1. Per residue of the stretch B:179-188, what does 6.51 cos²θ - 1.76 cosθ + 1.60 with θ = phi - 60° give for ³J(HN,Hα)? Whole Hz please, x for Gly and Pro, Karplus curve as stated.
2. Just tell me how shielded B:91-98 is by partners: mean number of partner chain Cβ atoms within 10 Å of each residue's Cβ, no decimals.
3. Hey, any idea what % of chain B's accessible area is carbon plus sulfur with a 1.4 Å probe?
4. Listed highest first by mean packing, meaning other Cβ atoms within 10 Å per residue, what order do A:22-28, A:41-47 come in?
5. Evaluate the relative contact order of the stretch A:210-274 (contact order divided by residue number), counting alpha-carbon pairs under 8 angstrom at least 6 apart; express in whole percent.
6. With the solvent-accessible surface defined on protein heavy atoms using a 1.4 Å probe, which residues belonging to the stretch A:13-52 display a reduction of at least 50 Å² in accessible area in the multichain context relative to the isolated chain?
7. Under the definition of Cα pairs under 8 Å and six or more residues apart, what whole-number percent is the relative contact order of the stretch B:6-181?
8. Filter A:11/B:195; B:118/B:268; B:302/B:327; B:298/B:324; B:317/B:372; A:82/A:182 down to the pairs with a C-alpha to C-alpha distance above 19 Å, please.
Amino acid sequence: MSHATGIRYLKDGVLPHMWCSGCGIGVMLGAMLRAFEELDYKNTDTVVVTGIGCTGKADDYLVTNALHTTHGRALAYATGIKAFNPSLHVVVLMGDGDSVTIGGNHFIHAARRNIDLTAIVIHNFNFGMTGGQVAGTTPGGRFTSTTAWGNPERDFDICALAEVAGANYVARETPYHGWELKERIKEALDKKGFSLVEVFSPCPTHFGKNNEMKQTREMLDWFRERGLPVERYRKLSAGEKKNHFPVGKLVDRDEPDFNARYEEIRARATAPEG
Amino acid sequence: MAKEARLVQGNQAMAEGAIYAGARFYAGYPITPSSEIAEECSKVMLKVGGVYMQMEDEIASIAAVIGASLTGAKAFTATSGPGFSLMQENLGLAVMGEVPCVVIDVQRCGPSTGLATKPAQSDIMQLRWGRHGDQIVIALCPATVNECFALTVTAFNFAEKFRVPVILAPDEIVGHMRENFSVPEPGEIAVIDRKKPSVSADRYLPFAADADGVAPLAAYGSDYVFHVSSSMHGRDGYSNNDPANAAWRVAQLHRKIEMHQDEIVLTKSFAVEDADVLLIAYGATTRAGRAAAMEARKQGIKAGVLQLVTLWPFADKEVAALAKKAKTVVVPEMNYSGQVAGEVRRVLGSGAEIRRVNSYNGEIISPQDILKAIV
Ligand SMILES: Cc1ncc(C[n+]2csc(CCOP(=O)(O)OP(=O)(O)O)c2C)c(N)n1
Ligand code: SF4
Ligand SMILES: [Mg+2]
């Protein structure tokens, strides 16, 4: 079998893309398009919904259906699309600012509803597009353009948040793990219910520069050294866990999704009165 | 056979009007004095094959409505001041992306949480200017339960025909008032559906306007693949930063409404032919205005009422024509600043005599209050 390239979903004449060299967003997009191709997604039955930010620019390069929304609200738009036409593949691309900083409320509620969307979140530890400001996902102590002496706040664990909120599928990968990333996105797309693939991603232009990892390599090394396959991560002591994060498939369950539950309730409402 | 009339609440009539117009998606977040609309939709949508969703907030509600509309649904939401404020950013996307949808704002007394159960007509400028960026919207305002139903159908018709969000803005009095009402038969009120593309799929441009100023709109999941964007975009829906494109786009969004102004601006008039005193009113205040005009006529003063059914775009022509014949213009409205009186002033110029009657304490304006301004 020849390898999927995903090129059939790319718009002609728009490359080179706008992302900085060393940015992880392109790696994510490539993995997503290869996953689309391996699953034989059609442009007509696929809707890519994007938020605002460097990640949110991804729709510019795609020939699938797309809806480029407002900052933080992509999941709410996607919810309307999926609820009205459950046969569509609805994929939501967001930054970490988008998904869990300004848009955190929509994120937890989409997961709680377990609505059959696939959310792909580029977690680059800051607001890339607007100049590298602190986000709800910037680790404590780290430097950004609005935390010159270090971040006094703590960061969200996006995967844990999705898990407790009720997502059926949760995974984390990094651009360092390109093939695995594609596999996780494929699993997420295939899964009924809310699925999240979090992509730890270098932003050499801002977060890297501000945190002595100006070279993309240095951020990738950070991911490689700290990211452990989830089976290995789970065996670590509590103290060791502080220096690492798990990658791979973290949650995989089959709770009924929103549309399935909705149709069950509809059957009650439309049952002939006895 | 005579149709059965029921005692129906304004909010109920708007929900029924939406279903009559073909609405099959509702997403909202309950708020007084609009919640009856959500409650009715939560029941009926399941039965008619539609979808009702209670979202996490009003930001999400209007977003879901827009998403559903682009997926082919006639979609709407209902709220009041605090929720309407939250909707503004995403409502701007409906303008920019030319997405048909209806928002009902049952107006209550503010500012902020204000008097949650009391009426006001103080969102008039927010209806028009609530969003950032230059744009134009259509806003309608019912005064009776019958109008609640009929204007909801009109709101959907305008939304579908012109690919715009349309706002229906009753005050709390009209939303909660009960009157005799019977649902029209199917076909009795015309129902308009959006124009669908007919070109081959590879030639579809979602923002290439026809001669009527409006581009056909496909649905996600159809044979047509398309992009919609909150960012400035070209005819193909893809991002476009060219100043010439932006100028065309902003003007186009205005023009498609302006060129249909005569069709969109709806007014009703009562006893205006010989009126020396012209009352210009909207919503519940119309009712007090009519009673005041009748009383004034008993006292020998020729008074009449121009009801603004369409609040935006403003009825410049109609106001100017009738005011020319009258000696005095009176504008009763439930706000402090005279939001519509200011528009009337803009139309009539600084020399015209315009008397304002305002209430802003959550109390209705009575016919007596208006009468005092007439005699
Ligand atoms: C309501 C609103 N507030 C602020 C902004 C400005 N803004 C645009 S993108 C962005 C942050 C983007 O960060 P993230 O979502 O992490 O995406 P990234 O650029 O890092 O991929 C902000 C604050 C906006 N567009 N809208
Ligand atoms: S600013 Fe950061 S996130 Fe944005 S494109 Fe550049 S590297 Fe990527
Ligand atoms: Mg970011």
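The values are calculated or read from the model by the stated rules, or taken from the named source; none is laboratory data. On a predicted model such as this, the values are computed, not experimentally measured, just so you know. Virtual Cβ from ideal backbone geometry, glycine too; neighbours counted across all protein chains shown. Heavy atoms of the whole protein, side chains included, go into the accessibility calculation; ligands, DNA and RNA do not. Shrake-Rupley method; radii C 1.70, N 1.55, O 1.52, S 1.80 Å.
1. 9, 5, 7, 10, 5, x, 5, x, x, 5
2. 1
3. 53
4. A:22-28, A:41-47
5. Reported as a whole number, the value is 25 percent.
6. A:44
7. Worked out over the stretch B:6-181, it gives 30 percent.
8. Listed pairs above 19 Å: A:11/B:195; B:118/B:268; B:298/B:324; B:317/B:372; A:82/A:182.
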